[in-house]
Amino acid sequence: MAVIKKHKGNFLEDFRAGQVFRHKVGKTLTEGLFNAFTPYDMTANPLHKNRRYAERYGFRGLVMPPGLVMNVVFSQSVEDISENARANLEYIDMRFGMPVYVGDTIEVSSTVLGIKPSSREADRGIVHVQTTGRNQHDDVVLTYERKVQVWKRDATVEVRETTVGAVPHVACELQLPAYDSGRRYEDLAHLTSSDTYFEDFTPGDVIEHSPGRVITTEHVALTAMLDNTSQVHCNQYLIDQQPEKYLGGQLIVYGGIPFNLCLGLSCPDVADNAVADLIYPSGRHTAPIFAGDTVFASTEVREKRDYPGRPDLGIVATTLHGHKFPRKDGNPEKVDIFYLEREIVVKRKTHYHRGS
Amino acid sequence: MAVIKKHKGNFLEDFRAGQVFRHKVGKTLTEGLFNAFTPYDMTANPLHKNRRYAERYGFRGLVMPPGLVMNVVFSQSVEDISENARANLEYIDMRFGMPVYVGDTIEVSSTVLGIKPSSREADRGIVHVQTTGRNQHDDVVLTYERKVQVWKRDATVEVRETTVGAVPHVACELQLPAYDSGRRYEDLAHLTSSDTYFEDFTPGDVIEHSPGRVITTEHVALTAMLDNTSQVHCNQYLIDQQPEKYLGGQLIVYGGIPFNLCLGLSCPDVADNAVADLIYPSGRHTAPIFAGDTVFASTEVREKRDYPGRPDLGIVATTLHGHKFPRKDGNPEKVDIFYLEREIVVKRKTHYHRGS
Amino acid sequence: MAVIKKHKGNFLEDFRAGQVFRHKVGKTLTEGLFNAFTPYDMTANPLHKNRRYAERYGFRGLVMPPGLVMNVVFSQSVEDISENARANLEYIDMRFGMPVYVGDTIEVSSTVLGIKPSSREADRGIVHVQTTGRNQHDDVVLTYERKVQVWKRDATVEVRETTVGAVPHVACELQLPAYDSGRRYEDLAHLTSSDTYFEDFTPGDVIEHSPGRVITTEHVALTAMLDNTSQVHCNQYLIDQQPEKYLGGQLIVYGGIPFNLCLGLSCPDVADNAVADLIYPSGRHTAPIFAGDTVFASTEVREKRDYPGRPDLGIVATTLHGHKFPRKDGNPEKVDIFYLEREIVVKRKTHYHRGS
């Protein structure tokens, strides 16, 4: 007889540059998951709420919002890549491909791009991966790199810095329904704001989004719904045994939740007339979130440019910032929690709202 | 560069009698929304739980319960009408039309019937609106009036009392599947109570519904699922900054949640043999609800009458009362929270349960 | 005028051996219910997560996990059988039949097998029932016996011990798709663990499952989603009025939730290559759970045997144990909460993973 305790996930010394993980399980996206996440964050784009509108725009049905696509793909990679992580450092070159719908099944794989041991701390290092999610037709829905700080299993083991060299190219082109002047888009123009079209954005402007949203212990269930297995989000006993080991000494909210929430809080002001998010060149969590924190967001408009081949659309390059006010006696202190470089594909008034 | 903070919603001085709002976004009703609300409140009518039963009765599938229909329609109107409200005063003449199913898309509009500045307080007044929800086929599913107390943006601005005069008629007739003696309804009679048919109600009786249900912080997510954007339900920081400004100094539970909960708590005793709710002539929230409160309900049977053209059905006119016991040390005090005049269309034993 | 308070459910003196209850309402299983429960517990078997995988294995679609099937059937029986129970004592001979899918409608009946008054306490006794759930095609999906301790309405009423004699046989055979060597199962072998096939289990081994999961106040909503009407899970006022009467003096978590959670926590180690659970010969809750407790599980492998007629599968007989560490200052104490004899039908590497 043996007592077996399987430890999940990999440690720094387990990774090899070039290694490919085909992540387990996969996930079919139900209307239950959709409902738990899409309205959670005050997303106001009718593509994600109103099937009549989404079909009018040529989509097959309700479109999964970008924050949920990111969360599904990311979470599938957690067990292999970051189950034993100390911190998620950076998202890089996150690109969207095929739209994702309720009923789709997403499966995910990751390639290890590099491993870099810490020069200062013997017990950890950075793993650099490229993660790609595909639907049941093998269409790429999302690809991105991330850098994550991972513990060693054994701090005395020497780990060499290695890299694959050039980052492999993953073909991932945003797929959008064609513009069709016969579709009478303007019949539905009252379903979105009249001041969030491409023409309405001015580079240099900073939009402070009005709404705030408290995060409650609901985060434990939301994280489970994503199949994110990391224990620091749900194992209260683990934290209570060694509070000093864990950031804040309490259950930490999975970063994908404020990622999604900041996108949603910004939506009524900058994305309710978007047809898609195109790319997130870079993103980073800058402080942890705990149950009880109220999250806010703001958007800096950095640049506007044409969308090649689509005169009806334009690209708005922004930086999305998240912040919180921890709940405490006395003066609450503003804490930056998140930023994301974000390029949004936005409808032009010339094609969708001529009356205005 | 400009720093922009868009304030959402309208203030008292923004409304004009006769003004029509076509509310933004719209909402497709998923199985996720249905599951979050329908069992939440202990609804026991199999029309809302058991597809086999609903189809036997001639409905297309699972029927959305009336409290959820009301919540979906109401919430779509919040941003335009009551984002800057101090209190929701009254529901008037709320009438149900076409049954609502999972998969339907609901869009909503409102007409301003009148504006009345407060004679005592310079900073507020009452807005009287008529709100109507329609499905994707343009069938009316619900229409009602409400009176809501709204803040002024600027207390020094003078607002005149105005009205459209007569309330416009919105055609909204309850649509029910025909009675069909070939359907063998009695095969499924065991799925409902045997003592909640039309014949079982006696005007003058008061039924104290046994179950109580605590409301937890879940209310924040439920409110978001309805796309209700009002900040007093979810922005903890806002409340903490000025607790004296907000009722109870804490996040307040959105009124649609106890509305729905009281309907559900009453269901096993008065509505599990109903085929629909017909009309709510009047309703009012009489005290706020906070997380931790346990909600109870009772029903007063006021009157019974025939349902024109349908000998298989009858109308039971009731008043639904909600109350709570706030959680505190010492003797808990009963507080009335809600009442609703409610007319229910109930099956007759003569047609659906002859054996009894 | 009368004031009516209907008391729900039966008391010890209401039961008769041989009595049959056809339970009310029934339940159509939506994607919302599926999403709330299936990922809740860290289930990792792709049959319950990934439609592509489930269909490759010959199932009609996403398969409801066994803990959810049990919870749906059990909860439908609560009002008639255990609304007035003091404690749920034992599950016996719980057998699975037809797989259950999203969209199925489950209706449930129970037969009273015996009543036994307590010899020591005049106010209670044991009710022994057999409960069976069927889908909309009248296929049995689950059948089991349970013993439950039920209060008397009136402690002075004498109740005789009675029994039906032999337990009636309910035909309930596990229905599984046939093995088909043309299906190329190995294409999807990367979606499950490589060390959880039939060949990988050794009788006598004890597997301590790594993950733990805190239960929050979410349990109130989850219990409602199952239509479990028992007030000790959701009526805070009831508990606060007489805390000494109720176990722990607080809302108690419905036992089906840790039942489901322990199955899920064990899944990555023992059931992600299962095709079904076959039978739970015996099970018992050994301590209550409260919000804030973190739940863990372990599995003892007791026996392995062939699955008659299916050389591609084998049966692994296990005992699943649940335990918790109540959250308190000082040294947390391990408390056993649950055990379940559990026989799992597991794929063999010889047929599904030849490469390994």
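The values are calculated or read from the model by the stated rules, or taken from the named source; none is laboratory data. Keep in mind that this is a model prediction, so the values were computed, not measured. Neighbour counts run over all protein chains shown; Cβ positions are idealised from the backbone, glycine included. Surface areas here come from the heavy atoms of the whole protein model, side chains and all, with no ligands, DNA or RNA. Shrake-Rupley method; radii C 1.70, N 1.55, O 1.52, S 1.80 Å.
Some notes on this structure:
- Average beta carbon contacts from partner chains per residue of B:197-210, 10 Å cutoff: 3
- Within the shell of other residues whose beta carbon sits under 12 angstrom from the beta carbon of B:HIS7, the net charge comes to -1, with Lys and Arg scored +1 and Asp and Glu -1.
- Ordering C:VAL345, C:THR319, C:ILE257 by the projection of their Cα atoms onto the charge dipole of the stretch C:222-350, which places +1 on the Cβ of Lys and Arg and -1 on the Cβ of Asp and Glu, puts C:VAL345 at the extreme positive end.
- Solvent exposure, largest accessible area first (probe 1.4 Å, DNA, RNA and ligands not counted), of C:MET70, B:MET42: B:MET42, C:MET70
- Chain pair A, C: total accessible area buried, heavy atoms, 1.4 Å probe, Å²: 3400
- Note on A:THR163 and A:THR350: their simple-model spin labels are 4.2 nm apart, each label 7 Å out from Cα toward Cβ.
- Ordered from longest to shortest, the equivalent ellipsoid semi-axes for the stretch A:1-149 are 33, 17, 14 Å, each the square root of 5 times a Cα gyration tensor eigenvalue.
- In sequence order, the stretch A:230-235 has phi-based couplings of 5, 6, 5, 9, 9, 9 Hz under the Karplus curve 6.51 cos²θ - 1.76 cosθ + 1.60, θ = phi - 60°, and Gly or Pro positions carry x.
- For the peptide A:288-294, the mean number of other protein chain Cβ atoms found within 10 angstrom of a residue's Cβ is 2.
- Estimated FRET transfer efficiency (C:ASP123, C:ALA178; beta-carbon r; R0 51 Å; 0.05): 0.45
- With the convex hull drawn around the C-alpha atoms of the stretch A:234-278, the volume per residue stands at 92 Å³.
- At an R0 of 35 angstrom, the distance between the Cβ atoms of B:GLN19 and B:LEU247 translates into a FRET efficiency of 0.80.
- When peptides C:281-290, B:31-40, C:181-190 are ranked by their average number of other Cβ atoms within 10 Å per residue, the highest-first order is B:31-40, C:281-290, C:181-190.
- Rg and Dmax [Cα atoms of the stretch B:12-89; Å; Rg one decimal, Dmax integer]: 16.5, 51
- The dipole here belongs to chain B: it is taken about the Cα centre, uses +1 on the Cβ of Lys and Arg and -1 on the Cβ of Asp and Glu, and is about 440 debye.
- In the elastic network of chain C, a GNM with C-alpha springs shorter than 10 Å, the most mobile of C:GLU121, C:GLU145, C:GLU13 is C:GLU121.
- Two-decimal log10 I(q)/I(0) for the stretch C:57-139, as the Debye equation yields it once each C-alpha is a single scatterer, q = 0.12, 0.14 Å⁻¹: -0.44, -0.56
- Exceeding the 28 Å Cα-Cα cut-off - candidates B:LYS24/C:LYS27; A:LYS27/C:LYS24; B:LYS6/B:LYS152; A:LYS6/C:LYS334; B:LYS49/B:LYS147: B:LYS24/C:LYS27; A:LYS27/C:LYS24; B:LYS49/B:LYS147
- Near C:TYR101, the amide H atoms lying under 5 Å from its own belong to C:MET64; only residues 5 or more places off or on other chains count, and H is placed 1.01 Å from N.
- Take every DSSP beta bridge whose two residues both sit in the protein assembly as shown; close to 95 percent of them are antiparallel.
- Computed from Cα atoms alone, the Kirkwood hydrodynamic radius reported for chain C is 21.3 Å.
- For the stretch B:299-315, Karplus couplings with θ = phi - 60° (6.51, -1.76, 1.60), whole Hz, Gly/Pro x: 10, 9, 8, 9, 6, 10, 8, 5, 9, x, x, 10, x, 7, 10, x, 9
- Placing one equal scatterer on every Cα of the stretch B:8-50 and applying the Debye formula, the log10 ratio I(q)/I(0) at q = 0.18, 0.22, 0.27 Å⁻¹ is -0.70, -0.78, -1.01.
- For the protein assembly as shown, the alpha carbon positions stretch 85, 82, 58 Å along the principal axes, listed from largest to smallest.
- Neighbourhood net charge (13 Å Cβ-Cβ; Lys/Arg +1, Asp/Glu -1) for C:VAL167: +1
- Simple Cβ-charge dipole of the protein assembly as shown, Lys/Arg +1 and Asp/Glu -1, about Cα centre, in debye nearest 20: 580
- Taking amide H as placed 1.01 Å from N in the peptide plane, B:GLN136 has its amide H under 5 Å from the amide H of B:THR105, each at least 5 places away in sequence or on another chain.
- Percent RCO, i.e. relative contact order, over chain A, from Cα pairs under 8 Å lying at least 6 residues apart: 19
- For the stretch B:49-149, applying the loop criterion from DSSP together with a ceiling of 13 other beta carbons within 10 Å to the trypsin sites (Lys or Arg not before Pro) yields B:ARG120.
- Number of partner chain Cβ atoms within 10 Å, mean per residue of B:318-325: 1
- Rh by Kirkwood over Cα pairs, then Stokes-Einstein D for the stretch A:104-246 at 0.692 mPa s and 37 °C, µm²/s: 157
- The Cα center of the stretch A:150-227 and the Cα center of the stretch B:1-74 differ in position by 27 Å.
- Translational diffusion coefficient of the stretch A:216-356 (Stokes-Einstein, Kirkwood radius from Cα pairs, 37 °C, 0.692 mPa s): 192 µm²/s.
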